[in-house]
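Only one structure is covered here, and it is reproduced in the block below.
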Amino acid sequence: MIDTPYYIVYEDRLRANLEKLKRVAEAADVKIIMAFKANALWKTFPVIKEYFHSSTASSLNEMKLSLDYLGHDVHAYCPVYTERTFPEFLKGCSHITFNSLAQYEKFRSQIEAADRKVSVGLRVNPHCSVIETDIYNPCVPGSRFGENPDKLANGLPDGIEGLHFHALCESDSHDLEKVLDAFIEQYGHLLPGLKWLNMGGGHLITRKDYDTEHLIKLMKRLHERYPDLEIILEPGSAFTWQTGDLVTEVLDVVEDAGIKTAIIDASFACHMPDCLEMPYQPRVEEAIGTVADGADPPYRYRLGGNSCLSGDFVGDWCFDRPLKPGDRLTLCDMNHYTTVKTNMFNGIQHPSIWYQPRESEAVLLREFTYDDYRDRMD
């Protein structure tokens, strides 16, 4: 039995997502590229590379990871580039998108003098908010992302070959349609002269209730209107949606003010930060449901993390039996946006990472030690 806590990624689930994404890309005639901000577990890239080899990077580290382990078709977007970092982006990327015209003009001479051709794009703001959580909403009033239409009424500067917008977060194709309509109304006059349009991330194509047929029809209509335009989608969560879990163990059960808390050997703050940021309550495989979902709780527990942060808890779940130390709990869907966002607050030991192939025993990908904590500050 594997010692807890540990993340585990399942090959069969990963391949199912990749096969669905590939079918949609072919049917819709779109290019799908993987966003490293949602998944950087490079030891699983050999499987991903069988289906996709293009990526989107928002840092030099992400770009280098693609060049080393996934592919050399790297589409970079950063809110700002610096004099120190930009030359490396220019050497390693196939596409570079700027957040503003000022940033493009700052580095334009370097692009024109470069030995290799890089396709340049500009991010724009479609001013269409379909996301309820402001921390994940790129179109919230006062957004720092993308140029506004008044700056582009007379066209784009020479050298810009594509436009980029990103306004979704775990969204469906009907949300995309709303954003796309707003984008075309404001920026459609620019599209006939461009090579590509990148619609960013947030397309949760692998979710069971995602309307893939609607997405395909939407993309086909766009192709009919702009036949020379390459369409790019860069989903993050969709690649690794529901492909991995975090397995933990109950260490203690405490009670205060009538609330029972099962303290586990993992931390929401350290190992599942989106549960607090979003916030959201993951499914626990051993629970019968959550209070929020209307479960009738014979045994009701809040789950508490093992850090000293007061707010390191999420709840409440309902169980058909009392929880006790030694019980294992499986927190589901802990691969996308989870392993990339973890931290070592409190020096709490990081969960190990395992991979479950389809036809063999689970394989240890990484185990963390004191040295990993120490060397972060070295």
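The values are calculated or read from the model by the stated rules, or taken from the named source; none is laboratory data. Just so you know, these numbers come straight off a predicted model, no measurement behind them. Here the Cβ is made from the backbone with ideal geometry for all residues, glycine too, and neighbour counts use every protein chain on show.
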- Taking the stretch 95-131 and the residues there that are in a loop (DSSP other than H, G, I, E, B), more than 21 Å from residue 232 (Cα to Cα) and touching a helix residue (DSSP H, G or I) at 6+ places or on another chain (Cβ under 8 Å), the one that is modelled with the lowest pLDDT would be 116
- Scan of the stretch 140-173 for residues that are closer than 21 Å to residue 189 by Cα and buried (at least 19 other Cβ atoms within 10 Å of the Cβ), ordered by number: 145, 146, 147, 152, 156, 160, 162, 163, 164, 165, 166, 167
- Within the stretch 326-358, of all residues that are farther than 14 Å from residue 267 by Cβ and either among the hydrophobic types (A, V, I, L, M, F, W, C) or free of Cβ contacts under 8 Å to residues at least 40 places away in the same chain (or both), the one surrounded by the fewest Cβ atoms within 10 Å (Cβ to Cβ) is 332
- Query: Any idea which of (1) more than 30 Å from residue 333 (Cα to Cα); (2) in contact with a Phe, Trp or Tyr (Cβ under 9 Å, 6 or more places away or on another chain) is the one residue 164 doesn't satisfy?
  - Reply: (1)
- Query: How many of the residues making up the stretch 359-378 are surrounded by 11 or more Cβ atoms within 10 Å (Cβ to Cβ) and at pLDDT below 95?
  - Reply: 0
- Within the stretch 23-51, residues being in contact with a strand residue (DSSP E or B) (Cβ under 9 Å, 6 or more places away or on another chain) and farther than 20 Å from residue 358 by Cα number 12
- Output the residue which, of all residues in the stretch 254-294 that are modelled with pLDDT of 90 or more and of a type in the set (Asp, Glu), is surrounded by the fewest Cβ atoms within 10 Å (Cβ to Cβ). 256
- Query: Just to be sure, is residue 80 among the aliphatic types (A, V, I, L, M) and in a loop (DSSP other than H, G, I, E, B)?
  - Reply: yes
- Message: I'm trying to understand the selection: among the residues of the stretch 1-34, which are farther than 26 Å from residue 364 by Cβ and either assigned to a loop (DSSP other than H, G, I, E, B) or in contact with an Asp or Glu (Cβ under 6 Å, 6 or more places away or on another chain) (or both)?
- Response: 29, 30, 33
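A quick yes/no check of all residues on (1) outside the structural domain of residue 163 (by TED's automatic domain parsing); (2) in a strand (DSSP E or B); (3) touching a Gly at 6+ places or on another chain (Cβ under 6 Å); (4) under 25 Å from residue 368 (Cα atoms):
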position: 266; (1), (2), (3), (4): yes, no, no, yes
position: 280; (1), (2), (3), (4): yes, no, no, no
position: 287; (1), (2), (3), (4): yes, no, no, no
position: 318; (1), (2), (3), (4): yes, yes, yes, no
position: 321; (1), (2), (3), (4): yes, no, no, no
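Looking at 177, 185, can you tell me which residue is without any contact (Cβ under 8 Å) to a residue 12 or more places away in the chain and either part of a loop (DSSP other than H, G, I, E, B) or surrounded by fewer than 19 Cβ atoms within 10 Å (Cβ to Cβ) (or both)?
Result of the check over 177, 185: 185.
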- Query: Counting only residues that are under 28 Å from the mean Cα position of the chain (by Cα) and of a type in the set (Gly, Ala, Ser), which one in the stretch 97-112 is farthest from residue 76 (Cα to Cα)?
  - Reply: 102
- Query: Given 82, 44, which one is surrounded by fewer than 23 Cβ atoms within 10 Å (Cβ to Cβ) and without any contact (Cβ under 8 Å) to a residue 40 or more places away in the chain?
  - Reply: 82
- Message: If residue 62 satisfies all but one of (1) in contact with a Leu (Cβ under 9 Å, 6 or more places away or on another chain); (2) buried (at least 17 other Cβ atoms within 10 Å of the Cβ), what's the number of the condition it fails?
- Response: (1)
